[in-house]
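Since the structure comes first, as structure tokens, the remarks are kept for the end.
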Amino acid sequence: MTYETFAHEADIGIRGMGSSIERAFEEAAKAMFDVEVDIKKVQKKRKVRIKCAASNIEELFVEWLNALLTQASLRGMVFSGFKVKIIKGKLLELEGYASGEKLDAERHNIKDEVKGATYSQLRVELKKRKWIAQCIVDV
């Protein structure tokens, strides 16, 4: 596992780690959905495309997580697989997808509802040759 959660006074922190920024974003998405359900029980039956853009990498990270939550809510789904590609230009653009299935409350073991990713304790950085992407999510 290359993601984790961490304690916060009222909410929950999520952190993804990887050999690239993209991998850290993917792992953080796993951490966020693992706050909501047991993602080991979520089958990757359907892919949903995700696109977003921002002026810097930290904002892009929050945009990515919130785009995932929006798509999950609109479609009544939960996700367990993620793929990210970041394109550098005038703005940073993210193209990717999330894979998962319709939410099954009984099988997926519902935990906490994540309402959104926040800028609290937000950081995206390279530390000891590993990328870390983290923030607090509102539950």
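Please treat every number below as a calculation from the coordinates, not as lab data. Please read all numbers here as calculations on a predicted model, not as lab measurements. Ideal geometry is used to build each Cβ from the backbone, glycine not excepted, and the neighbour counts take in all protein chains shown.
Considering the chain as a Gaussian network with a 10 Å cut-off on Cα pairs, which listed residue, 80, 55, 99, attains the greatest mean-square fluctuation?
Comparing 80, 55, 99 in a Gaussian network model of the chain, the most mobile one is 55.
I'd like the chymotrypsin sites (Phe, Trp or Tyr not before Pro) in segment 34-139 restricted to DSSP loop residues with at most 15 other Cβ atoms within 10 Å, sorted by number.
119
May I ask you to compute the full-extension gain from residue 107 to residue 8, defined as 0.36 nm times their residue separation minus their alpha-carbon distance, rounded to one decimal in nm?
Details: separation 99, 0.36 × 99 = 35.64 nm, distance 2.78 nm.
Gain on stretching residue 107 to residue 8: 32.9 nm.
Of the listed values [x] 2, 9, 17, 20, 18, 16, 11, 5, 1; [y] 2, 9, 15, 19, 17, 13, 8, 5, 4, 3, 2, 1, 1, 0; [z] 2, 11, 22, 25, 21, 12, 5, 1, 0, identify the label whose number matches P(r) over Cα pairs in 5 Å bins from 0, in percent calculated from this model.
Label of the calculated value: [z].
With respect to the cross-link table entries 44/130; 45/85; 44/128; 30/51, which display a Cα-Cα separation exceeding 25 Å?
Those over the limit are 44/130; 44/128.
Taking 0.36 nm per residue of sequence separation and subtracting the Cα-Cα distance, how much length would be gained by fully extending the chain between residue 46 and residue 58, in nm to one decimal?
1.5 nm
Taking segment 91-139, which GluC sites (Glu not before Pro) meet the DSSP loop condition and have no more than 14 other C-beta atoms within 10 Å?
Qualifying residues, ordered by number: 113.
Quick check: net charge around residue 91, other residues with Cβ under 14 Å of its Cβ, Lys/Arg +1 and Asp/Glu -1?
Around residue 91, the surrounding residues sum to -2.
Work out which trypsin sites (Lys or Arg not before Pro) in the chain are exposed loop sites (DSSP not H, G, I, E or B, at most 16 other Cβ within 10 Å) and give the longest gap free of them.
Here the longest segment lacking exposed loop sites spans 46-89.
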